[in-house]
Amino acid sequence: MISKHVIKYIQSTVDDMVAESVRTQNEPLIKQIEDSHHTIKCQSDQIATQSVEIQTLQDKINEVENRIEEHEQYSRRASLRFNNVSAPVDNKGQIIILINTDQLVLDICNKNLKTIHLNRGHWEKSSNW
């Protein structure tokens, strides 16, 4: 009978020692897991915020690209390109710099179209000059 009490006492003491040892060994691991969980939660929140910001910026980029395309189409719609317009050249075959290209184009248009409204002109040097 005494041996049963001794065995119960020893078993209880061993159980307490094992439980304390397990708790002591696991506490740092549990703390590390909790810290990692907190870090992951913070990073997930930051990723979600950045995803919203990225989508907002992507929408703005798409809007700007669409507006640019509309403006480019509008400007192309009203543009005319005249090729091979004769321009006065010097004795070396070089174009004389101080010529009124708008007037040259207007003269061509007046001969062929009767009326035209010219907003601006731009002279591009041809590849065969």
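Results for (1) in contact (Cβ under 8 Å) with a residue 40 or more places away in the chain; (2) under 30 Å from Leu106 (Cα atoms); (3) surrounded by fewer than 10 Cβ atoms within 10 Å (Cβ to Cβ), shown as yes or no for each residue.
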position	(1), (2), (3)
Ser36	no, no, no
Ser44	no, no, no
Asn66	no, no, no
Asn83	yes, yes, yes
Asp90	no, yes, yes
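For every residue, the table says whether it meets (1) loosely packed, with under 10 Cβ neighbours inside 10 Å; (2) at pLDDT below 95.
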position	(1), (2)
Arg23	no, yes
Asn26	no, yes
Ser51	no, no
Ser75	yes, yes
Ala78	yes, yes
Looking at the stretch 1-27 only, could you name the residues that are among the charged types (D, E, K, R) and either over 60 Å from the mean Cα position of the chain (by Cα) or not in a helix (DSSP H, G or I) (or both)? Lys4, Lys8, Asp15, Asp16
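The values are calculated or read from the model by the stated rules, or taken from the named source; none is laboratory data. This one's a predicted model, so the numbers in the text were calculated from it and none came from an experiment. No Cβ is skipped: glycine too gets one built from the backbone with ideal geometry, and neighbour counts run over all protein chains shown.
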